[in-house]
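The values are calculated or read from the model by the stated rules, or taken from the named source; none is laboratory data. Every value quoted in this text rests on a predicted model; they were computed, and no experiment measured them. All Cβ positions, glycine included, derive from the backbone under ideal geometry; neighbour counts span all protein chains shown.
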Amino acid sequence: MTDPHLDFFERLDWFSREDGQRLLAELAWSRQECPVVHSRYDGGQYVVTRYDDLRTIGEHPEIFSSSTPGVQHVPVALPPLDLDPPLHRDFRQFLNPYFSRSFLQRYVPEMQRLADSLIDNVIDSGRIEFVSQFAIPFTAGSLARVVIDDDNDARMKRAIEAVTGVATGDQSAYERVAGVAAEILSERSADTTGRDDVLQSLVTARVDGGRGLSLVEQLGVVTVLLLGGLDTTRGTIAHIGRYLAELPGFEQRLRRPEWVRHDLDELLRYTSAVSVMGRTVTQDNELLGRPLKKGDRLAVHWQSGNRDEAKFEHADEIRFDRPKNPHLAFGVGIHRCLGQQFARLQIEVAVERLLRRLTGLAVVPGTMIKETVGVVAGAPEQMFLSFATIAD
């Protein structure tokens, strides 16, 4: 007789809503009984579920390559996400400064104005579809401004509209984003004014012994920054909106300024916006407790690691009193998320501006919360909330 758990993983479809409803329970079984479990998905892969094994993968990029960074094969280049050392180091070296907290502070006033304008749009109605009316346009607008920082207001508006289109699943929006970015990059190539932003870094960067980036590589970086920053931060903000509506005392907790220094990490661990990514084995090994061969593909399940009871007591609960929280929400090793400080900053701004004007969020009676599936799994995808306003 076929084991029902093994059978689940063999036929698992990461983008199936039905499978998504069972996945956390099946991952818990896997952590206990079969921590590296086979799946036939996309030609075959092994799903890695335990915290310690996930750290091993992240800390050994020479054995577990990021050349196929998704659970599906992707037909385009996505640097630096799909790069291994030493080229990966070159890309991160010129990108890292633009995603430091100190650099990103310059965008906070614009992020605050954006959040305020989105709240202005709904405040008189007393209700909001939290994802489409706040989480998506806030993260898309913030990301567009940081990645495509342009003085041309009309072009910047086009960029924000295109990035928002990407966030809502409009496949043609990628071409519009690429068109705007290519237009700016062409101008920047002849720019001698010494601008200091992400796109200018793509023009001046030198990698692989001193060569510049091709246009394909430049646009690949733009794509990675959008893919990495849209659904993930949107998902975490949507989760927080849900908890504000459903968890007693949560609003009061988030009204304390110190919440971001400790509570945010527990929310990141529990929600794990990027649930799963891909790696490829470069040499035969048994580092994960089972024989793996060169060419085998892995689905590294960060969310499963964050729910590992061997690492986190009461891992399936939100516990703000954890003394330590070495979560994997941003990955681990050289591919630890480039935009982690930007994500934190967006979440801080979003929560602060929301709670400055709104209180008493609650799920509108008679409505259901629809959840996402896939790589960013379990976050609210549609959620109608009511609220009361706070007098100025």
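Can you tell me which residue among Asp116, Asp124, Asp53 is in contact with a Pro (Cβ under 9 Å, 6 or more places away or on another chain) and either assigned to a helix (DSSP H, G or I) or at pLDDT 95 or above (or both)? Steps first, answer last, please.
Numbers: Asp116 fails: in contact with a Pro (Cβ under 9 Å, 6 or more places away or on another chain); Asp124 fails: in contact with a Pro (Cβ under 9 Å, 6 or more places away or on another chain).
So the residue among Asp116, Asp124, Asp53 that is in contact with a Pro (Cβ under 9 Å, 6 or more places away or on another chain) and either assigned to a helix (DSSP H, G or I) or at pLDDT 95 or above (or both) is Asp53.
Going through the range 322-341 one residue at a time, which ones are within 13 Å of Thr236 (Cα to Cα) and either surrounded by 21 or more Cβ atoms within 10 Å (Cβ to Cβ) or out of contact with any Cys (no Cβ under 7 Å at 6 or more places or on another chain) (or both)? Please lay out each step first, then the result.
Keep residues of the range 322-341 that are within 13 Å of Thr236 (Cα to Cα), which gives 329-330, 340.
Those that are within 13 Å of Thr236 (Cα to Cα) and either surrounded by 21 or more Cβ atoms within 10 Å (Cβ to Cβ) or out of contact with any Cys (no Cβ under 7 Å at 6 or more places or on another chain) (or both): Ala329, Gln340.
Please go through the range 88-112 and pick out each residue that is in contact with a Pro (Cβ under 8 Å, 6 or more places away or on another chain) and more than 13 Å from Gly339 (Cα to Cα). His88, Phe91 - these are the residues of the range 88-112 that are in contact with a Pro (Cβ under 8 Å, 6 or more places away or on another chain) and more than 13 Å from Gly339 (Cα to Cα). Scanning the range 13-50 for residues that are surrounded by 13 or more Cβ atoms within 10 Å (Cβ to Cβ), among the small types (Gly, Ala, Ser) and not in a helix (DSSP H, G or I) gives Ser16, Ser39. Every listed requirement among (1) in contact with a strand residue (DSSP E or B) (Cβ under 8 Å, 6 or more places away or on another chain); (2) surrounded by fewer than 16 Cβ atoms within 10 Å (Cβ to Cβ) is met by Arg319 save one, (1).
Pairs meeting the criteria (first residue in the range 336-355 and touching a residue at least 24 places away in the same chain (Cβ under 8 Å), second residue assigned to a helix (DSSP H, G or I) and of a type in the set (Lys, Arg), beta carbons under 9 Å, at least 6 apart or on different chains) are Leu338/Arg92; Gln341/Arg101; Phe342/Arg101; Arg344/Arg101; Leu345/Arg101.
Could you tell me whether the range 130-142 includes any residue that is assigned to a loop (DSSP other than H, G, I, E, B), at pLDDT below 95 and surrounded by 22 or more Cβ atoms within 10 Å (Cβ to Cβ)?
Going through the range 130-142, the residues assigned to a loop (DSSP other than H, G, I, E, B) turn out to be none.
No; the residues of the range 130-142 include none that is assigned to a loop (DSSP other than H, G, I, E, B), at pLDDT below 95 and surrounded by 22 or more Cβ atoms within 10 Å (Cβ to Cβ).
Only one entry of Thr223, Thr233, Thr204 meets the criterion of being polar (S, T, N, Q) and within 24 Å of Arg353 (Cα to Cα), and that entry is Thr233. Considering only residues in the range 373-392 that are part of a loop (DSSP other than H, G, I, E, B) and closer than 22 Å to Gly169 by Cβ, the one that is nearest to the chain's Cα centre (by Cα) turns out to be Val376.
Taking the range 241-262 as the range and being crowded, with 19+ Cβ neighbours inside 10 Å and charged (D, E, K, R) as the test, only Arg242 passes.
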